[in-house]
Amino acid sequence: MSSIDYDVIILGAGASGLLCAFTAAQRGRRVLVLEKANKVGKKILMSGGGKCNFTNYNVEAEHFISNNPHFCKAALKRYSQWDFLALVDKHGIAFEERQHSQLFCLNSAKDILTMLLNECEQAGVVIQTNCDVININSTTDNTEQPVYQLDLEQQSLRCHALIVATGALSIPSLGGSGIAYDIARQFDLSLIKRRAGLVPFMFSDHIKTLCEQLSGIAIEVEISCNNQSFTENMLFTHRGISGPVVLQISNYWQAGDEINIDLLPYLNASELLLNAKKSAGKSLLRSLLNKKLAKALVFELQTLWWKNSAESPLAEWRDQDLIALGNKLNNWQLKPPATEGYRTAEVTLGGIDTNEISSKTMEVKQQQGLYFIGEALDVTGHLGGYNFQWAWSSGYSAGLFA
């Protein structure tokens, strides 16, 4: 075995790892990518319902959550959504814009993975799958350059730059793991508390029964929690609630928090009910609401909130009771006991403390030659292509300097 096998070894053949790999190789670096799974890019292939929401036309630092909200700015500026779109255009990949400026492949997420692998091949990147790293040691050579030795089951490898792109804890069935945190601990890096993000809520009481009855129904709502709010579709499931708006707010929810759901986000429900009492006093409340909400939902809410007055025409309702019910429709307060956890979470909140990392290069400040990119860092994007953009941007930054 030669003293140095590769200039750069990257752990993880996902979004950040592959983009980092060909970026470094295009600079003339000898690059090896080690992937633990039997296939590369599994999370890319399943993302966006198989269409890969690969970035967003509108990318700002405010779309990311971190204990250090300024950390992501340098990388996002160095490699922006426009840079990735130029790569997509170079490879002739058809894409479409959906709601909230989200960009998806028109055909298949395979197009993005194929593009990344083609770039790696053209740049001379070597990729090995089914590789389990058992041990990592660091020393320096006679020129004081860092040397990392990686022990695998069948071989040992040495490099000057080690880049950790192994993702985080979300969706273990697609390779999610905590190996990046283990490596961070080995080199005495601080970790920010981790929890599941972009994840559905579960319920265990009568609300679970209600959700089961409504499973499959989606409605547009506004959900608020901890001074954050989003307006998008909410989906009832047999376990609780999901859909884009629920995934978004889950990033800001902590165990024990209430969420507030506005079932009629563009209407003042109290005014609606009072006006209807004047203009259509013979109508039943459910008849009015059936025009605004799914009938099945109205039926469940009737059972929950106005069962005893279900057959009373609006004219017989007291104004204060209509106002109170309107307030519930605009501010349905629920306390989810839990989320579905890492099993279905799209991302992991928290991670490696970015104060330990150079925002310019992604290199560990106190450990020359060691880099962390992608989801393992304490940078989490909103739903909408932002986490992929962080993968591209952080991967590019490390590939430019490793």
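Worth pointing out:
- Any hit, region 289-303, residues being more than 24 Å from Ile217 (Cβ to Cβ) and of a type outside the set (Asp, Glu): no
- One residue from Thr237, Thr209 being over 22 Å from the mean Cα position of the chain (by Cα) and among the polar types (S, T, N, Q): Thr209
- Helices (runs of 4 or more DSSP H) contained in region 1-98 and holding at least 1 residues buried (at least 21 other Cβ atoms within 10 Å of the Cβ), in contact (Cβ under 8 Å) with a residue 24 or more places away in the chain and polar (S, T, N, Q): 15-25, 81-90
- Within region 116-212, strands (runs of 3 or more DSSP E) holding 2 or more residues that are within 20 Å of Gln367 (Cβ to Cβ) and touching a helix residue (DSSP H, G or I) at 6+ places or on another chain (Cβ under 9 Å): 133-140, 156-164, 191-197
- Hey, Tyr79 aromatic (Phe, Trp, Tyr) and in contact with a Phe, Trp or Tyr (Cβ under 9 Å, 6 or more places away or on another chain) or not: yes
- Some residue of region 371-387 being acidic (Asp, Glu) and assigned to a strand (DSSP E or B): no
- Selection status of Leu76, under 19 Å from Met115 (Cα atoms) and not basic (Lys, Arg): no
- Check on Leu264, of a type outside the set (Val, Ile, Thr), under 30 Å from Thr339 (Cα atoms) and at pLDDT 95 or above: yes
Yes/no per residue for (1) free of Cβ contacts under 8 Å to residues at least 12 places away in the same chain; (2) within 26 Å of the chain's Cα centre (by Cα); (3) surrounded by 13 or more Cβ atoms within 10 Å (Cβ to Cβ):
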| site | (1), (2), (3) |
| --- | --- |
| Asp132 | no, yes, no |
| Asn135 | no, no, no |
| Ser138 | no, no, yes |
| Asp141 | no, no, no |
| Leu157 | no, no, yes |
| Ala161 | no, no, yes |
| Thr166 | no, yes, yes |
| Ile171 | no, yes, yes |
| Leu174 | no, yes, yes |
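- On inspection, Leu273 fails the criterion of being under 30 Å from Gly341 (Cβ atoms) and outside any loop (DSSP other than H, G, I, E, B).
Quick grid of which residues meet (1) buried (at least 17 other Cβ atoms within 10 Å of the Cβ); (2) not acidic (Asp, Glu):
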position	(1), (2)
Ser312	no, yes
Trp317	yes, yes
Asn327	no, yes
Asn330	yes, yes
Leu349	yes, yes
Asp353	yes, no
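- Residues that are β-branched (Val, Ile, Thr) and in contact (Cβ under 8 Å) with a residue 60 or more places away in the chain, drawn from region 184-217: Ile192, Val199, Ile207, Ile217
- Residue match in region 218-236 (condition: assigned to a strand (DSSP E or B), assigned by TED's automatic domain parsing to the domain that holds Phe22 and either polar (S, T, N, Q) or surrounded by 14 or more Cβ atoms within 10 Å (Cβ to Cβ) (or both)): no
The values are calculated or read from the model by the stated rules, or taken from the named source; none is laboratory data. All of these numbers come straight from a predicted model, not from anything done at the bench. For neighbour counting, all protein chains shown are included, and Cβ atoms are generated from backbone atoms with ideal geometry for every residue, glycine included.
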